[in-house]
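Take a look at the structure set out below.
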Amino acid sequence: MTTGELPTPVEQERALPPSLRETLAGHYYTDPQIFRAEQDRIFHTGWFCAVLAADLERPGQYETVQIGRESVIVTRRRDGRIAAYLNVCRHRGARLCTEERGEVRRSFQCPYHAWTYGLDGKLVAAPNLSSMPDVDKSDWGLHGVHVREWLGYVWLCLAETPPSFDETVIGDVTNRLGSPDAIVGYDVANLRLGRRISYDVAANWKQIVENFMECYHCATIHPELTEVLPEFADGLAAQYFVGHGAAFGEGVEGFTVDGSAGLERIPGVTPEQDRRYYAVTIRPQVFLNLVPDHVVFHRMFPLTPARTLVVCDWLYLPGVVAAGADIERSVELFHRVNLQDFDACERCQVAMDSWAYQKGGVLVPGEHHIGEFHDWVRGHVG
């Protein structure tokens, strides 16, 4: 090959040295058929974290969320329980709720033909229904969705028979932290929302998961984070090691943008967990960041092969939120990290259809654990 010529595909194919492992091929991040397969075999079959339960305080409050191709209504029933239904009228398929959130008094009414459903999903009325004595209203309620509350959030599963929540969702936390009890002391379900920021990211959802799982990039793009967590500058992410939490740097008082003191410590945090940061990936779309005084909770909503909505909640002790404490320095740290990460993901996304990335890229040793995620994706979509 002469100087200036591009390598041919044959010349690029060679055995990787042991330090490197292959990634997913580029089309995994752009192909609409693969994205559809992910919707069918990942988002429609497993547990999906949808809503902060505290956002639905009163009966009749609701949110609509997009899970794969399905729009789902999540609401609080009159008996206080959370319920979820496909956002599809049983009459002619019209969408019942078009707003992201709202509140109804007693029922959801289809704006097309006025079929009306109670907060329990049952059909309660429809025009001229009395003239159709052969129609049993109990047969025509909304299609229900499996619901589980955990860590203060509402998790949904669209599958007829959901997988074990303990083995999948809690299993991911256990595999990362080494024990299902390691998260208990953070008392996440009883924390309160201090700030929420939504990010519309022009990247495939897997780009974002991969970025969150590794820290090879940290020294390059996260100056504030590596000041607080100096070991991240060495390129090894906390998630690389079971049970490991990255230690705060010497002189760092709190998980804040300038290393200054944070807020009141969560009482259940153990001495071993104090002054440490733990990151947890819960497949397919949740990221947890645990620090002594707050929790940062990310939910991803994959919208297209190249667009993902990421909703990030900063959670604090109820007294901290009620007192109006200054949380800006703690919010600012991870907000900057998010912006830096999402910019990097978008830089990668635009190259996924390049001939140069046709066969994918490589993972260095500090990223080898991402290969397990890639295998998990391949196991679902081929």
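The values are calculated or read from the model by the stated rules, or taken from the named source; none is laboratory data. The model shown is predicted, which means the values in this text are computed figures rather than measured ones. With ideal geometry, Cβ positions are generated from the backbone for all residues, glycine too; neighbour counts draw on all protein chains shown. For the accessible areas, the whole protein counts, side chains as well, though only heavy atoms, and no ligand, DNA or RNA atoms are used. Shrake-Rupley method; radii C 1.70, N 1.55, O 1.52, S 1.80 Å.
Given the Cα-Cα distance of R78 and K122 and 0.36 nm per residue of separation, how much length would full extension add, in nm?
On the way: separation 44, 0.36 × 44 = 15.84 nm, distance 1.29 nm.
Between R78 and K122, full extension yields 14.6 nm more.
Need the list of lysines near K206 for cross-linking: C-alpha distance under 23 angstrom, and skip anything on the same chain fewer than eight residues off. Reachable lysines: K359. Checking every one of the GluC sites (Glu not before Pro) in region 54-141 against DSSP loop status and a limit of 14 other Cβ atoms within 10 Å picks out E57, E99, E100.
Counting only Cβ charges, +1 for Lys and Arg and -1 for Asp and Glu, the dipole size of region 165-246 around its Cα centre is about 300 debye. Accessible surface of region 28-75, 1.4 Å probe: 42 percent of it comes from carbon and sulfur atoms. Helix-only arithmetic for the chain: the sum of -39500 (n - 2.57) across DSSP H runs with n ≥ 4, divided by the residue total, places the mean residue ellipticity at 222 nm at -6000 deg cm²/dmol.
Probing with 1.4 Å while keeping every protein chain in the model, the per residue accessible area of region 130-180 equals 55 Å².
Loop-resident trypsin sites (Lys or Arg not before Pro) (DSSP state other than H, G, I, E or B) in region 248-349 with no more than 16 further Cβ atoms inside 10 Å of their Cβ: R265. Springs join every pair of Cα atoms under 10 Å in this Gaussian network model of the chain, and among S354, S130, S179 the largest mean-square fluctuation is at S130. A straight Cα-to-Cα reach below 15 Å connects K122 with the aspartates and glutamates D79, D136, D139, residues fewer than 8 places away in its own chain not being considered.
Summing charges over neighbours of Y278, with a neighbour being any other residue whose Cβ is under 14 Å away from its Cβ, gives -3 when K and R count +1 and D and E count -1.
So what's the angle, to the nearest 10 degrees on a 0 to 90 scale, between helix 328-349 and the longest Cα principal axis of the chain? With rounding to tens, the tilt is 80 degrees. Sorting T161, T75, T226 by solvent-accessible area of protein heavy atoms yields T161, T226, T75, largest first, with a 1.4 Å probe. Between A325, A219, A159, the Gaussian network model of the chain with springs among Cα atoms under 10 angstrom shows the greatest mean-square fluctuation at A325. With Cα atoms defining each centre, region 217-233 and region 58-113 are spaced 43 Å apart in the structure. Taking a straight Cα-Cα cut-off under 14 Å and skipping sequence neighbours fewer than 8 places away in the same chain, the aspartates and glutamates within cross-link reach of K137 are D120.
Within the shell of other residues whose beta carbon sits under 14 angstrom from the beta carbon of R265, the net charge comes to -4, with Lys and Arg scored +1 and Asp and Glu -1.
Net charge near Y28, counting Lys/Arg +1 and Asp/Glu -1 over other residues with Cβ under 10 Å of its Cβ? Provide the component values of the computation, followed by the final result.
Numbers: positive: K206, R378; negative: D31, E38.
It works out to a net charge of 0.
A 1.4 Å probe over all protein chains sorts Y153, Y216, Y278 by accessible area into Y216, Y278, Y153, starting with the largest. Fraction of C-alpha pairs exceeding 37 angstrom in the chain: 28 percent, rounded to a whole number.
Here the spin labels are modelled as points 7 Å beyond Cα on the Cα-Cβ line, and at D353 and D139 they lie 4.8 nm apart.
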